[in-house]
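A short worksheet on the structure shown next.
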Amino acid sequence: MASQLEQLKQYTKVVADTGDFESMKEYQPLDATTNPSLILQAAEKPEYKHLVEKAVSELKDSGKSGDELVEAIIDRVLILFGLEILKIVPGRVSTETDARLSFDKEGTIAKARQLIEMYEAEGISKDRVLIKIASTWEGIKAAEELEKEGIHCNLTLLFAFAQAVACAEAKVQLISPFVGRIYDWYKKDTGIDYVGAEDPGVQSVQNIYNYYKKFGYETEVMGASFRNKGQITELTGCDLLTISPKLLEELQNDDASLEPRLTAETAASYEGEQISLDEKGFRFLFNEDAMATEKTAQGIRAFSADIVKLENLIKELL
């Protein structure tokens with residue numbers, strides 16, 4: 001019997017949620033996603049330190065200094081990791097903008113263009129890169145402009161239906177709803193340890209997927225941030241799922257049968273209405289969701305803190 005990982009790949013594009021190249025080689029995902037926390041974890045490992053040191057040595061005599069130099073080195077570190085990942089995966093890498101730009105539309109656009117230019121200077125087509133941006137109103141509007149320029153985006157830290165609707169209307173390439181963090185919030189709030197189809201994180205992605213397919217949106221849905229294997233198997237059939245090495249290993253080691261849970265049939269049975277959101281509508285609907293407002297803010301703070309830690313790591317090397 002084929003492993004659950006092999007079965008899952010028949011229905012869903014499997015993406016590696018890691019900065020660790022060795023695990024990518026082992027599980028052969030189609031794409032890979034990174035974020036500031038994953039890059040920081042990888043950069044602190046001895047086997048990847050050479051990439052950080054390479055970025056420092058390339059740029060320390062560039063004429064830049066202070067914060068400008070550190071920012072340039074971090075961008076170079078992101079690109080160097082991305083280049084290594086693209087040697088392993090046949091598809092795309094997601095590279096994240098600085099989380100401190102989450103409420104700065106123009107700053108996000110400028111950073112995205114800069115990262116794409118850096119990839120293109122290395123011979124990488126922009127079709128192989130997704131720029132990861134937080135799903136704030138400003139982030140979604142930045143992505144809308146970038147998509148018109150052919151720069152494709154992955155809207156991350158997505159917890160609310162309002163965020164998913166706005167991303168679809170902005171014609172964003174891909175969204176990453178955070179299953180595990182939604183589960184964490186509801187488990188803490190209710191004391192219930194949700195399992196299988198009862199999991200609020202699973203239900204959130206199912207709802208978004210069915211809404212998108214029912215109303216013909218082309219934005220890809222990529223479930224992310226999983227806490228257990230059951231959350232993944234309940235979303236078999238989703239466009240993409242980005243999975244940590246630990247859970248990829250669990251799927252590899254289990255040969256129980258998998259059936260698609262998200263299909264054209266499930267989408268056809270979606271009973272909700274199609275909605276449209278301007279900024280006022282988005283902000284109100286988002287604000288009505290206590291879980292989403294809390295987890296989005298928390299995620300932005302955490303990614304911003306890890307960028308600062310990466311900056312301090314680079315300052316030490318300088």
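The values are calculated or read from the model by the stated rules, or taken from the named source; none is laboratory data. Bear in mind the structure is a predicted one, so any value in this text is a computation, not a measurement. Glycine gets a Cβ as well: all are built from the backbone with ideal geometry, and neighbour counts include every protein chain shown. We work out accessible area using only protein heavy atoms, side chains counted, and drop any ligands, DNA or RNA first. Shrake-Rupley method; radii C 1.70, N 1.55, O 1.52, S 1.80 Å.
Structure notes:
- Odd one out for Ile74 among (1) of a type in the set (Val, Ile, Thr); (2) more than 27 Å from Glu218 (Cβ to Cβ); (3) not in a helix (DSSP H, G or I): (3)
- Where Gly180 falls short, out of the listed (1) open to solvent by 10 Å² or more (accessible area, probe 1.4 Å); (2) assigned to a helix (DSSP H, G or I): (1)
- Residue count for the range 25-53 under the criterion of being under 19 Å from Phe303 (Cβ atoms) and under 15 Å from the mean Cα position of the chain (by Cα): the result is 8.
- Subset tally (residues that are exposed (fewer than 11 other Cβ atoms within 10 Å of the Cβ) and within 18 Å of Gly223 (Cβ to Cβ)) for the range 249-263: 1
- Residues of the range 268-277 satisfying the condition of being surrounded by 10 or more Cβ atoms within 10 Å (Cβ to Cβ) and not small (Gly, Ala, Ser): Tyr270, Gln274, Ile275, Leu277
- All of Lys60, Lys148 fail the test of being modelled with pLDDT under 95 and surrounded by fewer than 16 Cβ atoms within 10 Å (Cβ to Cβ), apart from Lys60.
- Filtered residues of the range 165-218 (kept if β-branched (Val, Ile, Thr), touching a residue at least 40 places away in the same chain (Cβ under 8 Å) and farther than 22 Å from Cys153 by Cβ): none
- Filtering the range 140-158 to residues that are in a helix (DSSP H, G or I) and either closer than 14 Å to Val221 by Cα or touching a Gly at 6+ places or on another chain (Cβ under 6 Å) (or both) leaves nothing.
- For beta carbons closer than 8 Å, sequence separation of 6+ or different chains, a first residue in the range 233-254 that is in contact (Cβ under 8 Å) with a residue 12 or more places away in the chain and a second that is hydroxyl-bearing (Ser, Thr, Tyr) and assigned to a strand (DSSP E or B), the qualifying pairs are Thr242/Thr33; Thr242/Ser176.
- Scanning the range 280-309 for residues that are of a type outside the set (Gly, Ala, Ser) and within 19 Å of the chain's Cα centre (by Cα) returns Met291, Thr293, Glu294, Lys295, Thr296, Gln298, Ile300, Arg301, Phe303, Asp306, Ile307.
- Candidate set: the range 81-101, residues that are aliphatic (A, V, I, L, M) and outside any helix (DSSP H, G or I); chosen: the one surrounded by the most Cβ atoms within 10 Å (Cβ to Cβ): Val93
- Residue match in the range 213-234 (condition: open to solvent by less than 60 Å² (accessible area, probe 1.4 Å), assigned to a helix (DSSP H, G or I), in contact with a Pro (Cβ under 9 Å, 6 or more places away or on another chain) and more than 16 Å from Leu8 (Cβ to Cβ)): no
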